[in-house]
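> Quick one: the structure is below, questions incoming.
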Amino acid sequence: IKASRLRPLVPRESKRWGDLYRGRSAVEREFGRLKNEYGLAPLRVRGIERVALHAVLTMLARLSQALARARVVRLAA
């Protein structure tokens, strides 16, 4: 079965679609942050290995920031 824009596999009015869309928008928001705030969009390196390393280090920086924020919140409580 192939989905199209007019006939999606999950009906748009359903609760499941709302849950999926919320998850997707959260992921897209994070991708936007990685590209704009953390410099994944204007790459200054060449080669697949260097690009992959740059992406992994960028995501590691983002995850460490989120972990530090979660620890601060946990200690404050």
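> Inside the range 40-57, can you point out the residues that are part of a loop (DSSP other than H, G, I, E, B), out of contact with any His (no Cβ under 9 Å at 6 or more places or on another chain) and within 25 Å of Arg29 (Cβ to Cβ)?
Ala41, Pro42
> Given the residues Gly39, Gly47, Gly23, which is the only one that is surrounded by fewer than 11 Cβ atoms within 10 Å (Cβ to Cβ) and on the phi > 0 side of the Ramachandran plot?
After applying the criteria, what remains is Gly47.
> Out of the range 1-18, which residues are among the hydrophobic types (A, V, I, L, M, F, W, C) and assigned to a loop (DSSP other than H, G, I, E, B)?
Ile1, Ala3, Leu6, Leu9, Val10, listed by residue number.
> Applying the selection to the range 13-32, what residues are within 19 Å of Ala55 (Cα to Cα) and of a type in the set (D, E, K, R)?
Matches in the range 13-32: Glu28, Arg29, Glu30.
> May I ask you to list pairs of residues, at least six apart or on different chains, whose Cβ atoms are under 6 Å apart, with the first in the range 18-45 being under 15 Å from Arg62 (Cα atoms) and of a type in the set (Ser, Thr, Tyr) and the second being surrounded by 12 or more Cβ atoms within 10 Å (Cβ to Cβ) and modelled with pLDDT of 85 or more?
Tyr38/Thr58
> Scan the range 36-46 and tell me whether some residue there is at pLDDT 90 or above and more than 13 Å from the chain's Cα centre (by Cα).
The answer is yes; a qualifying residue exists.
> Working only within the range 19-39, note down all residues that are small (Gly, Ala, Ser) and in a helix (DSSP H, G or I). Break it down stepwise before answering.
Filtering the range 19-39 down to residues small (Gly, Ala, Ser) leaves 23, 25-26, 32, 39.
Gly23, Ser25, Ala26, Gly32, listed by residue number.
The values are calculated or read from the model by the stated rules, or taken from the named source; none is laboratory data. This is a predicted model, so every value here is computed, not measured. As a convention, Cβ positions derive from the backbone with ideal geometry for all residues, glycine included, and neighbour counts pool all protein chains shown.
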